[in-house]
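The values are calculated or read from the model by the stated rules, or taken from the named source; none is laboratory data. As the structure is a computational prediction, the values presented were derived from the model and not from experiment. Cβ: placed from backbone, ideal geometry, glycine included. Neighbour counts: every protein chain shown. Each accessible area value is taken on the protein alone, full model and side chains, heavy atoms only, with ligands, DNA and RNA left out. Shrake-Rupley method; radii C 1.70, N 1.55, O 1.52, S 1.80 Å.
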Amino acid sequence: MKWHNLLCCLLVSLVGFTQQYPSTHFSDRDILPNNTVRTLFIAKDGALWIGTDNGLVRKYNDQVDSYFKEDGLTQNNIWAINQDVYGNIWIGSYGKGLSTFKDNKIIPYAHNDQLPDQEVTQLFIHDEWLYIGTSDGLAVIDMTRPDRIITYDPNSIPDDPFNVQGFLELKNEVYVITYDDGIHKVALDEDKISLNRVWAEKYLYGASQFKDSMYLSGKQYYKTVSTAGFTDITSLRKMEPRGNSIFWDYEPLEDRLFAAGWGIYSKDGGIYELVPGGFELRNEFFDVESTQVTSLAVQREFGLLYLGTLDNGYYEIRLDQSVSFEKSNHDRVVDFAQLDGDMITLYNDALQIENISIDANQFKKWQVEYVDSNPNDLPKYENYFYELKYDTCPTDIVFYSVKENRGTIWVNTSIGMYQFDGSGALINYMPVHALEFNFTADGQLIEPNFYHGTRVYDSVSTMRYTYYDESKSMDNPRFVVGSFQDGNKTYLTSIFNGLYVYEDGQFISLAENNIWNEKRLRFITELNDGRKAVTNEDGDVFVINDDSTFKASQIHRDPSHGKTITFLSSYKDFIILGTSQGIVFHNGDREIFMNQEQGVDSKIYNGFVNDGILHLASDHGSYSIQLDAVLNQKSRVDHIGLQSLMINGTEINAAEMVNGKINLDHDQNSLEIQLSTNNHPFPGKLRYSYRLDESDSWIELPENKLTLPFLDSGDYQLFVQIDDASTGYKMDQKILEFHIAKPFYKSNLFLALIFLVSMMFLIVYFRFKRKRAYQTALEKESVTKRIEEVKMEALLSQMNPHFIFNSLNSVQYFISNNENDRAMKYLGTFSDLIRSNLHNTERPLITLEDEIAYLKRYIDLENARFSDRIEVIFIVDPELSLTQTHIPTMILQPFVENAFIHAFPSRIESPQIRIEFAVIDSQCYQCTITDNGIGDVSFHKNKHHVSKGTQLVRERLSFLGYDAEKALQISYSQHGTLVKLELER
């Protein structure tokens, strides 16, 4: 009975899980021109060549190039591809013979007309000979002399066409497999092909040698014979047919043999693998949908198997087993745990403990039994228990997580918490709805309520606990979303309140106690050195150490690998992150990134490390990643090179380099560079950066193409860096050195010539400009002088009528008083003064001697009106020359006139006017006119009246270039009026 139960468990396990290898499908929706793939070939540089019914494709890393008839192909139906010892790619079309690919160009073979048939079906290289199989004949081309072609005349076989299906090499001899005429050993004798039939069986489709056996494909069968008996007719005849499909191609990879199957009229085709007992169909393992697989190729360095189909493009299968997918019959894997080395898997609807499965119905049954037995002991929402619905259907149960504690298994669900032993037997059920839970150092259950406080249970079975109310202490947890137990401490992460630590019966909030203020926390785990890694909601990762003094530091990771974190774990010195983009492995020096390119192509919900394997929870199954294989990889990038270089749109070849350097003209300053590296299994993980000087910062490129437009002249060194996210290693290399010459107009000779010409031009120009400016200045000076003279004359002409008016008033006064003699004398003096006035009007400046004489005559006239009672005193500084010192014409007369008119009313006794001329310095002298008249009384009485004479004097001073306010100063006091004039000598 025990054996029967064990067998049932094994059968359940086999049905529930199917291991799948990562595979990628390519079709006419992405890189292929046609979904009918006839042949696949791996070139020596690692490039994959794909022959289709409508064109040829070359895929090297991420670069895909397509070729058609317009590119040089003889025809678009490509059935065979191979590469000779010189690196030339030979391309066989079904209908138009051969083409070759050399130096990035496709050229039709010049002697296609010598082929026995234009329908090329197979190409095979042996030594320096290219064997060409056609639909009706065989040919061989000497690679040392490609124009030398030897053909086999199929007319020598009168029965059926000589349709070549493949070639074999055994003990350095070549065999040709035909569809209608069996297998022949091929011998070359100078210009002749000799065939020796070793097996006459018809309807053969292919053959392959694997280890010490030969595998031959027939119609709906295959046969196996040892390599030793391959040429033994008796052994061949004894081979028993096996299988039920047609194998069109074989490919060995290490110790595995794969076969491409297509049954033509049956749907039993696909990808087959040799297992004990025969070939087994692997379509489900490799996620291959097509049943028309006819061509295979392998890239042994990377463990890649390529499958070509007639109806669905081709597939790329990764066989290195570092990543595999365990398919299950559940919709989703939720979480993992381990107990005594055995894996425990929590699904969306069940718990799997090794080979024991507990479904949602059983979980519901246990809940119902507890509720029926303890109707009065159920937790209440009013007591701050998270809401739990007792009428939840089994299909609506939400399974949150699974944890191991002290040899038992704990599961929290939306209908309660469950405790199991290692055999799956229920130990305890708690009607508690907990989104997160963990344990204290002594094994007590910690159950946080997201919106309220936290319970620590002394007894689970009796639901006895201590409640830590968040409203009574800010140290008590709230909004808990993650947890981790280590040693004496249990850590709780809060999405709003940061990190809490439980130790010795109490909680402490690091944020509230200003220990660590980071608040929006999500996941926490332990590192191999005892430190903890913590993530927040923004995708940041911190490493904390709280052994003695708390320290926290943020690690710097690549944000392009995903900001949203879905789980956190660790292995050795690597932090493992699940993100919205894939899986990140980070250890400070390296950051490895895995996503769909490496086979992780579904959404990841959780991750768990056990025994060197990272288990990833996903939809319909889980991924297993061999961590040592991923983390111990060596650098895959061994060089960086130039695939192509274009200067101003023209391609440059290596022959134009001198000692690895290119010398360019000044106008060859726009470069387009196609970068390349060695063949890589994950080209999408390569990121290119460049800089033009070792001291510059790296500039990231969106692809492996670099454009440098309109560079200045000078010397350049192009450095390129490749960051390989699949291994975490970086490599940089100087790939190009070039010099852009200076244009002639920037050369030193040209600049010197330009400088000399410019200087000569400037000298001539400035000489001309100075001469012109001098002439202009003279003209301007003459005009200005004349303008000033005209203005001066106009001012003087305004002063003369003013003087005449006052003088006539005096004459009128004498006549009215019947003082005719005085009037006559006055008129005589007046006429002399008028003549002087007319003479002086033509001159802006007169000598000081003429000015004093003029003033004395004027004073005589004015004083006559006052009965000569006003004393006038002239004082001249001996240092002043009366004949050499000049003064503006009639500049003093208005102030003397004002003194006579306004300064001396009848009450003033002994009126006096003092006119003094004194030297200030060698350039200037001062003239003062002082009276002892009424002074400030006159000023206040006439303060709203502006003297016409004074105004005219100020204007004249301005025209003569003086600062009128500074040159003329008038002050009033109770002792009289003082007028000061500072004039140039």
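The table that follows gives values for the structure above.
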read-out: Residue count, segment 409-428 (criterion: part of a strand (DSSP E or B) and either in contact (Cβ under 8 Å) with a residue 60 or more places away in the chain or crowded, with 21+ Cβ neighbours inside 10 Å (or both)); value: 9
read-out: Only listed residue being modelled with pLDDT of 95 or more and farther than 17 Å from Ala207 by Cα, chosen from Gly313, Gly303; value: Gly313
read-out: Any hit, segment 239-250, residues being among the charged types (D, E, K, R), crowded, with 20+ Cβ neighbours inside 10 Å, within 47 Å of the chain's Cα centre (by Cα) and on the phi < 0 side of the Ramachandran plot; value: yes
read-out: Candidate set: segment 540-565, residues that are of a type outside the set (Lys, Arg) and over 24 Å from Ala511 (Cα atoms); chosen: the one most open to solvent (accessible area, probe 1.4 Å); value: Pro559
read-out: Among residues of segment 216-238, those that are under 16 Å from Ser295 (Cβ atoms) and surrounded by fewer than 20 Cβ atoms within 10 Å (Cβ to Cβ), counted; value: 0
read-out: Which numbered condition Tyr745 misses (of (1) touching a helix residue (DSSP H, G or I) at 6+ places or on another chain (Cβ under 9 Å); (2) touching a residue at least 12 places away in the same chain (Cβ under 8 Å); (3) more than 30 Å from Leu631 (Cα to Cα)); value: (2)
read-out: Only one of Thr930, Thr950 that is assigned by the TED database to the domain that holds Glu851, closer than 29 Å to Ile834 by Cβ and at pLDDT 85 or above; value: Thr930
read-out: Neighbours by Cβ (under 7 Å, 6+ apart or cross-chain): first from segment 619-634, in the same structural domain as Gly599 (by the TED database) and within 16 Å of Val333 (Cα to Cα); second modelled with pLDDT of 95 or more and open to solvent by 10 Å² or more (accessible area, probe 1.4 Å); value: Asp619/Asp331; Asp619/Arg332; His620/Asp331; Ser622/His615; Ser624/Ile613; Ser624/His615; Ile625/Ile613
read-out: Residue among Trp199, Trp262 that is within 30 Å of Thr24 (Cα to Cα) and in contact with a strand residue (DSSP E or B) (Cβ under 7 Å, 6 or more places away or on another chain); value: Trp262
read-out: Test: residue in segment 337-355 that is small (Gly, Ala, Ser), within 49 Å of the chain's Cα centre (by Cα), open to solvent by 60 Å² or more (accessible area, probe 1.4 Å) and in the same structural domain as Leu388 (by the TED database); value: no
read-out: Members of segment 30-75 that are open to solvent by 40 Å² or more (accessible area, probe 1.4 Å) and of a type in the set (Phe, Trp, Tyr); value: Phe68
read-out: Residue that is open to solvent by 70 Å² or more (accessible area, probe 1.4 Å) and closer than 30 Å to Phe585 by Cβ, where the choices are Glu703, Glu672; value: Glu703
read-out: Scan of segment 76-115 for residues that are in contact (Cβ under 8 Å) with a residue 40 or more places away in the chain, within 21 Å of Tyr179 (Cβ to Cβ) and either out of contact with any Ser or Thr (no Cβ under 7 Å at 6 or more places or on another chain) or open to solvent by 20 Å² or more (accessible area, probe 1.4 Å) (or both), ordered by number; value: Trp79, Asn82, Gly92, Tyr94
read-out: Test result for Ser726, open to solvent by less than 40 Å² (accessible area, probe 1.4 Å) and within 26 Å of Leu627 (Cβ to Cβ); value: yes
read-out: Residue match in segment 596-614 (condition: more than 28 Å from the chain's Cα centre (by Cα) and free of Cβ contacts under 8 Å to residues at least 40 places away in the same chain); value: yes
read-out: Segment 729-763 - residue that is of a type outside the set (A, V, I, L, M, F, W, C) and assigned to a strand (DSSP E or B) and, of those, nearest to Asn632 (Cα to Cα); value: Tyr729
read-out: Conditions (1) open to solvent by 30 Å² or more (accessible area, probe 1.4 Å); (2) more than 20 Å from Leu388 (Cβ to Cβ); number of the one not met by Phe439; value: (1)
read-out: Filter pass, Ser324 being out of contact with any helix residue (DSSP H, G or I) (no Cβ under 8 Å at 6 or more places or on another chain), in a strand (DSSP E or B), within 30 Å of Leu631 (Cβ to Cβ) and of a type in the set (S, T, N, Q); value: yes
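Residues are listed down the side, and each one gets a yes or a no for (1) over 18 Å from Ile177 (Cβ atoms); (2) among the small types (Gly, Ala, Ser):
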| site | (1), (2) |
| --- | --- |
| Asp232 | no, no |
| Arg256 | yes, no |
| Ile264 | no, no |
| Phe285 | yes, no |
| Gln292 | yes, no |
| Ala297 | yes, yes |
| Gly313 | yes, yes |
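Matching residues to (1) in contact (Cβ under 8 Å) with a residue 40 or more places away in the chain; (2) touching a Pro at 6+ places or on another chain (Cβ under 9 Å); (3) among the hydrophobic types (A, V, I, L, M, F, W, C):
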site	(1), (2), (3)
His330	yes, no, no
Gln338	yes, no, no
Met343	yes, no, yes
Asn348	yes, no, no
Ile358	yes, no, yes
Phe363	yes, yes, yes
